[in-house]
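For reference, the structure is listed below as structure tokens.
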Amino acid sequence: LETVQITGCEDSEKQAILNASGISMGDNLWQINTQAAEQKILSAFLNYDAVDISRKLPSGITIKMTPSQIDMVCVYQNQYYSMSSGGRISAVSDTAPSASQVPLVYGCDLSDVRAGDIVEATNENKISVLFDVIAAMKESELTGVTHIDVSDITTIRLYWNNQAELKFGSTQGLAYEISCVKKLLEEQLEPEEIVIIDDTLMNGTYYMRPVGALSYPGESSQTEEPEQSTVESSIPDSENSSESEESSGETT
């Protein structure tokens, strides 16, 4: 080994990354255990989601670092797990991060998970559902979500800007449904209005009703305001907007 190229990190970290890998200049290129070196780096640097080491003939290697970005904070058994969209737990704390710009997540099982772990996304721990929700939010460009609740995957809850609780029935087609509800929030919700929007049918129909306040996951009591009025409406379809508008109605 004569040359090492490290990408995806700060220049000041490169030597420390090489040291953590256990790789040294002059090593036999073909005897380097790249997988073991990758795991050593991941264990030493908690702010990266992935490391990829490849040989570059005739006598070099490339170390590609993938930085992690905190996309959510999962709440589990009164602890707060800062997690990237790649599943990397960068920190575990007894207190919620102050002034966090990412949503608090409830409903995922993080037993036996520690800082530095990369959580495997499974249906059992509901991380796979959570990742689908995060991906759908990014695709639909929905911002302002403060809480996500995946405790019941048949009623996925998003809490938006302290004004709306959004209910969805599945991750199938979720990005489209979120984009439709997002349009409603932007165009129909009054500045001081607080509502619950039920889109669990996932078929273009939603039910919206005003409430006095929202009940967030993790609160000691989650009693909803008595129902005041319900608006049932069809979310306009781009190919059949006129028909959707005719089917809208209001009930109390």
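The values are calculated or read from the model by the stated rules, or taken from the named source; none is laboratory data. All values reported here derive from a predicted model rather than from experimental measurement. As a convention, Cβ positions derive from the backbone with ideal geometry for all residues, glycine included, and neighbour counts pool all protein chains shown. Calculation scope for accessible area: heavy atoms of the full protein, side chains included, ligands and nucleic acids excluded. Shrake-Rupley method; radii C 1.70, N 1.55, O 1.52, S 1.80 Å.
Data for the structure
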quantity	calculated
Separation in nanometres of the label points that stand 7 Å from Cα toward Cβ, at ALA96 and ALA213	1.4 nm
Out-of-range pairs (alpha-carbon distance over 26 Å; input LYS14/LYS56; LYS14/LYS40; LYS56/LYS138)	LYS56/LYS138
With Cα atoms, 0 to 90° folded angle of helix 174-188 axis to the chain main axis	50 degrees
Estimated 222 nm signal from helices in the chain, with DSSP H stretches of n ≥ 4 weighted -39500 (n - 2.57), rounded to 500	-6500 deg cm²/dmol
Heavy-atom accessible surface of the range 25-130: percent carbon and sulfur, 1.4 Å	45 percent
Helix axis angle, 127-140 relative to the chain longest principal axis, alpha carbon, degrees	70 degrees
Charge dipole (debye, nearest 20) of the range 155-212; +1 at Cβ of Lys and Arg, -1 at Cβ of Asp and Glu	240 debye
C-alpha long axis of helix 34-44 to longest principal axis of the chain, angle in °	60 degrees
Alpha carbon Rg of the chain, scaled by the compact-globule rule 2.2 N^0.38 Å	1.29
The chain, accessible area per residue, ligands and nucleic acids excluded (1.4 Å, Å²)	54 Å²
For the chain, size of Cβ-based charge dipole, Lys and Arg +1, Asp and Glu -1, in debye	1540 debye
Signed unit charges on C-beta, dipole axis of the range 39-93, positive-most listed residue SER90, CYS74, SER54	SER54
DSSP-defined beta bridges in the chain - what % are antiparallel, rounded to 5	70 percent
Range of Cα positions in the range 95-226 per principal axis (Å), largest first	43, 31, 25
Protection proxy ranking of 82-93, 137-148, 115-126 - average other beta-carbon atoms within 10 Å, highest first	82-93, 137-148, 115-126
